[in-house]
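One structure is given here, and the rest of the page talks about it.
Rule-based calculations on the coordinates, nothing more; no lab input. Computed from a predicted structure; not experimentally measured. So basically every Cβ, Gly included, is an ideal-geometry build from the backbone, and we count neighbours across all protein chains shown.
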Amino acid sequence: MSIVLIFFGRVERRPLEAGSRTMATSAREGGDPYRERDLPIYLAVRLLAEAAALAQSVAVGWTVYQRSNTPLSLGLVGLAQFVPMALLMLPAGELCDRLQPRRVLAAGLALQALGAAGFLVLTWDAATPLWPVYPMLVLSGAGRAFAEPAGQALLPFLVPLERLPRAVAWNSSLWQLAVIAGPALGGLAYTLGPPSAYGICCVGFLAAALGIETVAGRRTAPADISTLASRIARVAEGVQFVRSQPILLGSISLDLVAVLLGGATALLPVFARDILRAGPVGLGLLRSAPAVGACVIALYQVRYPPERAVGLKLFAAVAAFGLATVIFALSTSLALSLAMLIALGAADMVSVNIRSSLMQLATPDALRGRVSAVNMLFVGTSSELGAFESGLLASLIGTVPAVVAGGLGACIAAGLWMRLFPALRGADRLLSTRT
């Protein structure tokens, strides 16, 4: 395990490779705590929960835009989810390290189920005003704030370290299957009526919460933290650890900027209804398209994980993501738009797998929840904050110019980060930072 000194709130820096070797040795010396069924159950839970979340996202997007007819209202959807995630993500990570990630994940999924039930009630009567949707989005965002870092932190406790890169790739693959199935399911269910869509999502979240309770895996002793001051110091340790590792800081911050600037997803209801004339089913297809490309890449990387020049591949993927975003924004053809979203998703998956593997291999057990929370605060909330930025910019300069500007910004960010983080640019292998 990488050496972590919880002393005066400072984290000692150690090479990634050395930390990885020590963690693997510790797991072997303690016997085999892993059960074959835990990883499949975990993957099934993540698949179900993500499919429900994305189906709900399609339903919410169509509901809000249908009632408001303004891109800014879609931006406020992202803002309503961003605020609780930004406030609760880091404390949730500390809670994962103090308790068990499985328990925190179950609680987060239960909150998301409660939010879906709220949407069902609000849309049962079409005369209900729009504004109560936003408090329900805050509740759903709070659930995600707990579930996302807990889900990331739990995976390394379910498989031996040498199997972790492939487990990350499997997790990414099934997550992308959820991104394919979830929006399509949400679009189809919405044609039966909004309550049907939200009811399906509620059942999905509840089933996932019950399923994760059956997972065991390797466990660590809960931390004994008795004061608020010590808990705040523990939260700060996760931030300090990421700052001490330039490769992690560079990859996480690059993904933040790229998603923040290149967030076309929030405006897909506008493209589906007003530009491509595709309706709610078309919106479901557009939301699913990035996952098609991402799933192909993720399944390929299960068998052939990236082995050399991982830093340069990360930068190339972000640049390709930005370019595909620009072409999508300028398209007026549904077929071309779907193709560009597929390419965008494929490029994003290369970035996600490299960043996730680097983070999981670098992080010691005692910090997994907090480091996962830092990662999700950067990356996970960037989608919601990017949705607000996209909606606001689209209301000022138009939908197409806003998405074009975001795609170009992602390309510029890739070039700038290559200069700012030479260690990331020179990263060669996942298990080592040596070039």
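Here are the numbers for this structure:
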| quantity | calculated |
| --- | --- |
| Cβ-Cβ FRET estimate between VAL121 and ALA44, R0 fixed at 25 Å, reported to 0.05 | 0.30 |
| Taking TYR190, TYR65, TYR198 and counting other C-beta atoms within 10 Å, the order from fewest to most | TYR65, TYR190, TYR198 |
| Label-to-label distance, nm, for residues given as THR214 and THR332 (7 Å Cα→Cβ offset) | 5.3 nm |
| Cut-off 14 Å, label 7 Å out along Cα→Cβ of ALA86, residues of the stretch 396-420 by amide N | none |
| Dipole of the stretch 101-208 [Lys/Arg +1, Asp/Glu -1 at C-beta], most positive-end residue of GLY118, SER196, ILE180 | ILE180 |
| Residue-by-residue Karplus 3J(HN,Hα) for the stretch 323-331, coefficients 6.51, -1.76, 1.60, Hz, glycine and proline x | 5, 5, 5, 4, 5, 4, 4, 8, 6 |
| LEU210, LEU122, LEU268 arranged by Cβ crowding within 10 Å, fewest neighbours leading | LEU210, LEU122, LEU268 |
| Point-charge dipole on Cβ atoms (K/R +1, D/E -1) for the stretch 90-158, about Cα centre, debye to 20 | 160 debye |
| Magnitude of the charge dipole, the stretch 37-135, Cβ model with Lys/Arg +1 and Asp/Glu -1, debye to 20 | 140 debye |
| In nm, spacing of pseudo-spin labels at LEU420 and ARG166 (7 Å Cα→C-beta vector) | 3.7 nm |
| Check: the stretch 63-192 dipole with +1 on Lys, Arg Cβ and -1 on Asp, Glu Cβ, in debye | 160 debye |
| Cα→Cβ-extended label distance, 7 Å offset, between LYS313 and ARG67, nm | 4.5 nm |
| Gap separating the Cα centres of the stretch 167-198 and the stretch 47-79, nearest whole Å | 13 Å |
| Qualifying chymotrypsin sites (Phe, Trp or Tyr not before Pro) in the stretch 105-150, DSSP loop, other Cβ atoms within 10 Å at most 12 | none |
| GluC sites (Glu not before Pro) restricted to the stretch 36-119 and DSSP loop, no more than 16 other C-beta within 10 Å | GLU36 |
| Efficiency of FRET from Cβ geometry, VAL203 and LEU99, R₀ 25 Å, rounded to 0.05 | 0.40 |
| Trypsin sites (Lys or Arg not before Pro) within the stretch 286-349: DSSP coil, no more than 14 neighbouring Cβ in 10 Å | ARG308 |
